[in-house]
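The values are calculated or read from the model by the stated rules, or taken from the named source; none is laboratory data. Since the structure is predicted, the reported quantities are computational estimates derived from the model, not experimental observations. Cβ: placed from backbone, ideal geometry, glycine included. Neighbour counts: every protein chain shown. Keep in mind that these areas ignore ligands, DNA and RNA; they rest on the heavy atoms of the full protein, side chains included. Shrake-Rupley method; radii C 1.70, N 1.55, O 1.52, S 1.80 Å.
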Amino acid sequence: MTDKKWNVAVVGALGMVGTEMIKTLEVRDFPVAELRPLDLAQFEGTEVDFAGRKVRTLAATAENFAGVDIAIFSAGAQASLGLAPLAVEKGAVVVDNSSAWRMNPECPLVVPEVNPDDLRWHKGIVANPNCSTIQMVVALKPLHDRARIKRVVVSTYQAVSGGGRRAFDELRDQTADLLAGRPANPQVFPHQIAFNLIPHIDVFQDGDYTKEEWKMVRETQKIMGDESIRVTATCVRVPVFFGHSESVNIETEKKLTADDARNLLQSAPGVTVIDDPAQLRYPTPVDGAHTDDVFVGRIREDFTMENGLNLWVVADNVRKGAALNAVQIAEELVARGLVEEWRSKE
Ligand SMILES: NC(=O)c1ccc[n+]([C@@H]2O[C@H](COP(=O)([O-])OP(=O)(O)OC[C@H]3O[C@@H](n4cnc5c(N)ncnc54)[C@H](OP(=O)(O)O)[C@@H]3O)[C@@H](O)[C@H]2O)c1
């Protein structure tokens, strides 16, 4: 490792994920020479805290990518489609957290615990997967390596912070309104979210599955490098602030007992197993919130098939599901000399 430092832009710096990214860069002591927070022009001048300093936010324009080595994007797909190529043109490597580039065959889709070697073939843009997919593949990878997963049936219980700041505020305000006897006034979600569940995340697409559900299917296959894995998903928004939970049922080619799976997961990178029913110990989103790991519990054999397992998987969607995974990608790019190599091509 050299002691070289890098100029890092965070696009969407004032958003839910952008804020966490800046905090994550600081907490993980990422070698930042200059932090450049970028957001909409109307917020220019807004200060963010970084490493004991106040840093002024600039407008996310092509000129403001000059001199940037790594640009971490978290401003939504439209912003990424327009701005990421401009950042690459200026010589930066982009780590993009939106859905814009994930299925582009030119862009690796990376979870560092699962497929870090895919970073080798990047052409300027590396995509960060969807939050629900990230936590699931971290838990599935060690099981797939040992027993080959043939099929996955997943139901998600996704926190409102996954929808960004406005979604977070809507749950907070609606809860207060309803408790005070005032009516719910849905603006961000299509229905009341406080004291309710909404089986609908992102837009409806083919076969009446939502885009979020299709992301889990296609992104899982791309990250695991195995298009034969069959995945079917039902994604549900729940009135939880931080932490996505997932009930995951898998069918494997080879037999894995619950103990086999527990042992494999216990030594897997980025995973913490909490699985002691006798002591009422299993992960909940409150335990997972504001932490880094993917928590797995309720590991059971599925007695309705020959080689089946049930798992309960919890992680903080803003951290491992977004900011942490993106910063880990940046760390891996730097450790492999890939940022230096890209910059030298200018
Ligand atoms: N939240 C999660 O758990 C999560 C997980 C995985 C992936 N993601 C993805 O991360 C992205 C950001 O999500 P978020 O939750 O942080 O949303 P958010 O809280 O709404 O933040 C997005 C930020 O980007 C700004 N922005 C919008 N357009 C921009 C542009 N053209 N240039 C610069 N800045 C712009 C927004 O400003 P305004 O608020 O004024 O529009 C806001 O400050 C999305 O693509 C989302 O799908 C989020």
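Filtering region 178-201 to residues that are surrounded by 15 or more Cβ atoms within 10 Å (Cβ to Cβ) and free of Cβ contacts under 8 Å to residues at least 12 places away in the same chain leaves only Ala184.
For region 60-83, give me each residue that is aliphatic (A, V, I, L, M) and either over 19 Å from Leu35 (Cβ atoms) or within 12 Å of the ligand (Cβ to nearest atom) (or both). Selection gives Ala60, Ala62, Ala71, Ile72, Ala75, Ala77, Ala79, Leu81, Leu83.
Of Val271, Val238, which residue is hydrophobic (A, V, I, L, M, F, W, C), in contact (Cβ under 8 Å) with a residue 40 or more places away in the chain and under 26 Å from Asp117 (Cβ atoms)?
Answer to the check: Val271.
Residue count for region 156-173 satisfying the condition of being open to solvent by 40 Å² or more (accessible area, probe 1.4 Å) and either over 17 Å from the mean Cα position of the chain (by Cα) or more than 19 Å from Glu213 (Cα to Cα) (or both): 6.
Consider region 256-279. How many of its residues are surrounded by fewer than 15 Cβ atoms within 10 Å (Cβ to Cβ) and acidic (Asp, Glu)? First the steps, then the outcome.
Just the residues of region 256-279 that are surrounded by fewer than 15 Cβ atoms within 10 Å (Cβ to Cβ), to begin with: 257, 259, 266-267, 269, 276-279.
With the extra rule that they be acidic (Asp, Glu), the set shrinks to 259, 276.
Count: 2.
Restricting attention to region 234-251, report how many residues are of a type in the set (Ser, Thr, Tyr) and crowded, with 21+ Cβ neighbours inside 10 Å. Walk me through how you get there before you give the answer.
Going through region 234-251, the residues of a type in the set (Ser, Thr, Tyr) turn out to be 234, 245, 247.
Next, only the ones that are crowded, with 21+ Cβ neighbours inside 10 Å stay: 245.
Summing the residues that are of a type in the set (Ser, Thr, Tyr) and crowded, with 21+ Cβ neighbours inside 10 Å in region 234-251 gives 1.
Taking the criterion of being more than 15 Å from the chain's Cα centre (by Cα) and within 15 Å of the ligand (Cβ to nearest atom), the residues of region 1-22 that qualify are Ala9, Val10, Val11, Gly12, Ala13, Leu14, Ile22. The C-beta contact set for region 280-294 (first residue without any contact (Cβ under 8 Å) to a residue 24 or more places away in the chain, second residue of a type in the set (Ser, Thr, Tyr), distance under 6 angstrom, 6+ apart or interchain) is empty.
Test Val111 against the criterion of being in a strand (DSSP E or B), within 14 Å of the ligand (Cβ to nearest atom) and within 15 Å of Glu331 (Cβ to Cβ), and give yes or no. Give the steps one after another, and end with the answer.
Values: in a strand (DSSP E or B): no; within 14 Å of the ligand (Cβ to nearest atom): yes; within 15 Å of Glu331 (Cβ to Cβ): yes.
Judged against the criteria, Val111 is not a match.
For Leu38, the conditions (1) open to solvent by less than 20 Å² (accessible area, probe 1.4 Å); (2) farther than 30 Å from Tyr157 by Cβ; (3) near the ligand (Cβ under 10 Å from one of its atoms); (4) in contact with an Asp or Glu (Cβ under 8 Å, 6 or more places away or on another chain) all hold with the exception of (4).
Filtered by the rule that a residue be over 15 Å from the mean Cα position of the chain (by Cα) and open to solvent by less than 50 Å² (accessible area, probe 1.4 Å), region 202-216 gives a lone residue, Thr210. Applying the selection to region 120-151, what residues are touching a residue at least 40 places away in the same chain (Cβ under 8 Å) and of a type in the set (A, V, I, L, M)? Across region 120-151, the qualifying residues are Ile125, Val126, Ile134, Met136, Val137, Val138, Ala139, Leu140, Leu143, Ala147, Ile149. Report yes if Val48 is within 27 Å of Phe241 (Cα to Cα), open to solvent by less than 10 Å² (accessible area, probe 1.4 Å), within 16 Å of the ligand (Cβ to nearest atom) and in a strand (DSSP E or B), otherwise no. No, not satisfied. If you go through region 295-322, how many residues are touching a residue at least 40 places away in the same chain (Cβ under 8 Å) and out of contact with any helix residue (DSSP H, G or I) (no Cβ under 8 Å at 6 or more places or on another chain)? The total comes to 6. Restricting region 110-139 to residues that are of a type in the set (Gly, Ala, Ser) and out of contact with any His (no Cβ under 8 Å at 6 or more places or on another chain), the residue that is surrounded by the fewest Cβ atoms within 10 Å (Cβ to Cβ) is Gly124.
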